[in-house]
Amino acid sequence: MNDNLLNRFSSTEPKKILSLDGGGIRGALSLGYLKRIESILREKENNPNYVLSDYFDLIGGTSTGAIIATLLALGKSVDEIREMYMELGGEIFAGKRNWWNPLETYRFFKSEFSERSLVKHLKKHVGDITLGSDELKTGLCIVAKRADTNSTWFFFNHPNGMFYKSNKNIPLWQLLRASSAAPSYFIPQSIDIGNGEIGAFVDGGVSMANNPALSLLMIANMKGFPCQWELGEDKLTLISVGTGYTEYHKHSKQIDESWLLSWAKSVPDMLMQDSSWQNQIMLQWLSKSPTAEKIDEEMGDLKDDCLYNKPMLNYLRFNICLSENSLNGLGLKRDFTLRDVKSLAEMSNASNRYLLYEIGEKSGEIEVLEKFFK
């Protein structure tokens, strides 16, 4: 751990956190938002080489968000990550298992995609860098789910963390492979977590932290964690970037007539959306967010419901609804249909990655304002 990073963790300067959702190939949409944030900061700092690790004191993510978060924490620019991400996404979701291949038949029943391309590209871009490496320019938190104990794990590079000593030598590629091991998409990742114990890890998105924003706030402030950063609207900023969300509209008859398979396919997405909205409710309740969304008819946007009547943080959330109305309102040179929306919502459809980036970039131009970065 280099002294600059340790000083950054312990300084009393206002702290800034970046949170990145999971969402498969839809992480390309997040990159579009991040490009806008980086561009604003470069202009503000009058530095064309300014990167997000220069600005944020902690960058955390789940699944695809963990991959992007790690590359950002290593000091990569958004353009560099975009190039890597497009290559990675194009290959890993093309590597479906072959039922007829005797070497793959057994694993065909365990996961839809082969993990080989994912591992190859993760090793290519992060090599043998470990969680405790000096190459990390800022705080990093990778969220994964330990399936054999049903517990959510936060792999954090703070040297005073309770589990840092046992985790610091774990290669980042293993942690990213674990955080991205979505059940049915990829097989679990086994990791040696010390003392001769092996943990079986799956995608952090099958926890309450697919949107890790609230968890990162807890890590930043709770006494059980090493940061213990001070709360306050002028002392802590949390920026949360999503991968797009869908509107859930079905006729009641469709629900009545659902079969086991249709429930199996729809329940994970329902739970992920519930978790994300619960994060949104809590964080809007703790702040007076200028990007607050209307939750429902009863709650509204919670701007007049700030807990304790005093904002505990400055909270910004950027995430577009993947609907015909929202997408057609971006001013892109195409008309989006319901069929397009369904295609974009599919988290393993790599053919959409460039369009998703374009959607995120355009959304960023509309939603991410210069005044948010004074």
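Output the peptides 279-292, 21-34 sorted from most to least packed, where packing is the average of other Cβ atoms within 10 Å over each peptide's residues.
21-34, 279-292
Take the alpha carbon atoms of segment 15-38, find their center, do the same for segment 305-331, and report the distance between the two centers in whole angstrom.
So the separation of the two Cα centres works out to 14 Å.
Over the chain, give the accessible area per residue in Å² for a 1.4 Å probe, as an integer.
Per-residue value: 49 Å².
Order the following by accessible area, largest value first: K120, K35. Probe radius 1.4 Å; ligands, DNA and RNA are ignored.
If we order K120, K35 from most to least accessible, we get K120, K35.
Roughly speaking, what % of Cα-Cα pairs in segment 137-189 are separated by over 13 Å, rounded to a whole number?
Counting pairs separated by more than 13 Å, the tail of P(r) holds 62 percent.
Quick one: net charge around T152, please, counting Lys, Arg +1 and Asp, Glu -1 for every other residue with C-beta under 14 Å from its C-beta.
Its environment carries a net charge of 0.
For the chain, what is the per residue volume of the convex hull drawn over the alpha-carbon atoms, in cubic angstrom?
Output value, Cα hull per residue: 156 Å³.
Would you mind checking which residues have amide H under 5 Å from T291's amide H? H placed 1.01 Å from N; only 5 or more apart, or other chain.
Answer set, sorted by chain and number: R317.
Using a 1.4 Å probe over the heavy atoms of the protein chains, calculate the carbon and sulfur portion of the accessible area of the chain as a whole percent.
The value for the chain is 51 percent carbon and sulfur by accessible area.
Which ³J(HN,Hα) values, rounded to whole Hz and listed in residue order, are derived for segment 358-366 from phi using the Karplus coefficients 6.51, -1.76 and 1.60 in 6.51 cos²θ - 1.76 cosθ + 1.60 with θ = phi - 60°, glycine and proline given as x?
Karplus values, whole Hz, x for Gly and Pro: 4, 5, x, 5, 5, 4, x, 4, 8.
Given the rule -39500 (n - 2.57) for each run of at least 4 DSSP H residues, summed and divided by the residues of the chain, what is its mean residue ellipticity at 222 nm, to the nearest 500 deg cm²/dmol?
The helix-only estimate for the chain comes to -12000 deg cm²/dmol at 222 nm.
State the Cα centre-to-centre distance between segment 39-66 and segment 185-204 in whole Å.
29
Once amide H atoms are built 1.01 Å from N in the peptide plane, which residues 5 or more positions from L236, or in another chain, come under 5 Å H to H?
It is K15, N314, by chain and number.
Filter K120/K168; K44/K303; K16/K123; K294/K371 down to the pairs with a C-alpha to C-alpha distance above 26 Å, please.
K44/K303; K16/K123, as the Cα separations exceed 26 Å there.
Under the rule of at least 5 residues apart or a separate chain, name every residue whose amide H is placed under 5 Å from the amide H of F201.
Amide H neighbours of F201: A147, Q189, S190, I191.
Just add up the charged neighbours of E230: K/R +1, D/E -1, any other residue whose Cβ is under 14 Å from the Cβ of E230.
+1
With θ set to phi - 60° and the Karplus curve 6.51 cos²θ - 1.76 cosθ + 1.60, what are the ³J(HN,Hα) couplings of segment 151-168 in order, to the nearest whole Hz, using x for Gly and Pro?
The phi angles translate into 10, 8, 10, 10, 7, 10, 8, 6, x, 9, x, 4, 10, 4, 4, 7, 9, 5 Hz.
List, in order, the whole-Hz ³J(HN,Hα) value for each residue of segment 28-37 obtained from phi through the Karplus relation with A = 6.51, B = -1.76, C = 1.60 and θ = phi - 60°; use x for Gly and Pro.
Whole-Hz 3J(HN,Hα) from phi for segment 28-37: 4, 5, 4, 4, x, 4, 5, 4, 5, 4.
When the expected Rg is taken as 2.2 N^0.38 Å, what fraction or multiple of it is the alpha-carbon Rg of segment 1-94?
My calculation over the Cα atoms of segment 1-94 gives 1.13.
The values are calculated or read from the model by the stated rules, or taken from the named source; none is laboratory data. Quick caveat: nothing in here was measured; it's all calculated off a predicted structure. Every residue, glycine as well, gets a Cβ built from its backbone with ideal geometry; the counts of neighbours run over all protein chains shown. What goes into the accessible areas is simple: the full protein's heavy atoms, side chains included, and nothing from ligands, DNA or RNA. Shrake-Rupley method; radii C 1.70, N 1.55, O 1.52, S 1.80 Å.
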